[in-house]
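Have a look at the structure below, then the notes.
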Amino acid sequence: MRRWPALIAAVLGLACGYGYTRYREPPPADAANGTAAVAAADASAARTSAASRTPRRSADPNAAAHPLRARAAGLPPPASVAASWSPLLDSLRERAENGDVAAAKEWLQRDARCFAMMPLTPDAGASLPTPGFLRATFGSRSRLAALDPDVLAAATSGDEAERRRRLGAAQQRLLEECRGYAPQPPQLRYALAEIAARLGSDKDFWRFIDEPPFSPGYSRDTEQALDWARRAPALVYERAVGGDAEAAYALGVAYAIDRSHELDAVGSHGLLAAAIQNDPLQAYRWLSVFLRSQPDPEQANRARALLNRMSTELSAEQRAAAERWSP
């Protein structure tokens, strides 16, 4: 989590502080520079909007009136996406865009595996596993073992010779799976992750909130970071008004703190703090709702500590009303 605050403060702050909207009206044709027009057309052609393909959780006709929902409303129909390097991935994408959560998750896993394998393609005739593949498997920041069950199983093998044999076989399989791989548009990766969040399990949802599908070191992901800052609070709000105590806690924390590293505990969902402006009254309300559930003791202690911290910013009447408030 510590790698996020600098990116979030500099990039996501634009979304909530300056009213950034991902989809803007194009400039008049006679005012547009030719190069800019081509770039805008390319970006539009690569864009897939998960929100316009999947239903929202709330059926409330006035839902868009709430600021968190209004921020994510009004998205246009999805644009078509060009075929990828893999017919299998194209088939998974099409199924995912029609609401198949398993297909969305498999697409994301395969794309992530092949992206991780890009710098690990060996010279012809090289002995497998290559030193680079071993470093990628056992390095402190490795993702390969988490992305591929064969690599994880091989890496935990006790016998060194067997471990090398199994890792060599895993590398060979991944090289064949990813032959011809070309990085996919970040808009597409982001959209399929949102489909999984909306229609999948609680784990899928909170992965989208706590580990957004964009990379802090890539300027190409700036648009997705801004879009996440608009969508993520609305998604959490929808769950909170539906009675999800964890979502109520996440909103309360986000309204209470300024930066994600202020509450860096596991399960705090502190990253939302970068996308939601502080509001002591809203924080007091949502944390009070959370404490009326049967909360995890550790989370309850953090919630009470935040309530004590904010109590000086509210009058006694405001605190009393917030403690009775229901969404």
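Results, tabulated for the structure shown:
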| read-out | value |
| --- | --- |
| Failed item, numbered, when Asp60 is tested on (1) more than 16 Å from Pro186 (Cα to Cα); (2) at pLDDT 50 or above; (3) of a type in the set (Asp, Glu) | (2) |
| Residues of the stretch 275-324 that turn out to be surrounded by 15 or more Cβ atoms within 10 Å (Cβ to Cβ), outside any helix (DSSP H, G or I) and more than 27 Å from the chain's Cα centre (by Cα), as a count | 1 |
| Near pairs, Cβ below 8 angstrom, 6+ apart or cross-chain, from the stretch 90-116 (assigned by TED's automatic domain parsing to the domain that holds Ala145) to any residue that is β-branched (Val, Ile, Thr) and part of a helix (DSSP H, G or I) | Ala96/Ile195; Glu97/Ile195; Gly99/Ile195; Val101/Ile195; Ala104/Ile195 |
| Tabulated pairs, the stretch 157-175, first over 24 Å from Arg110 (Cβ atoms), second aliphatic (A, V, I, L, M) and part of a helix (DSSP H, G or I), C-beta under 8 angstrom, 6+ apart or interchain | Arg163/Ala154; Arg163/Ala155 |
| Residue that is modelled with the lowest pLDDT, among those in the stretch 249-274 that are in a loop (DSSP other than H, G, I, E, B) and among the β-branched types (Val, Ile, Thr) | Val266 |
| Boolean, Pro129 is under 25 Å from Arg231 (Cβ atoms), part of a loop (DSSP other than H, G, I, E, B) and not assigned by TED's automatic domain parsing to the domain that holds Glu211 | no |
| Matching residues, the stretch 117-156, being within 27 Å of the chain's Cα centre (by Cα), closer than 14 Å to Arg173 by Cβ and touching a residue at least 40 places away in the same chain (Cβ under 8 Å) | Met117, Leu120 |
| Residue count, the stretch 145-168 (criterion: within 13 Å of Met117 (Cα to Cα) and assigned to a loop (DSSP other than H, G, I, E, B)) | 1 |
| Residue that is modelled with the lowest pLDDT [pool: residues in the stretch 169-208 that are part of a helix (DSSP H, G or I) and of a type in the set (Phe, Trp, Tyr)] | Tyr190 |
| Failed condition for Ile209, given (1) surrounded by 12 or more Cβ atoms within 10 Å (Cβ to Cβ); (2) outside the structural domain of Val236 (by TED's automatic domain parsing); (3) aliphatic (A, V, I, L, M) | (2) |
| Count - residues of the stretch 110-129 that are surrounded by fewer than 18 Cβ atoms within 10 Å (Cβ to Cβ) and either in contact with a helix residue (DSSP H, G or I) (Cβ under 8 Å, 6 or more places away or on another chain) or farther than 25 Å from Arg189 by Cα (or both) | 10 |
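The values are calculated or read from the model by the stated rules, or taken from the named source; none is laboratory data. Not measured: the values here are computed from a predicted model. Cβ: placed from backbone, ideal geometry, glycine included. Neighbour counts: every protein chain shown.
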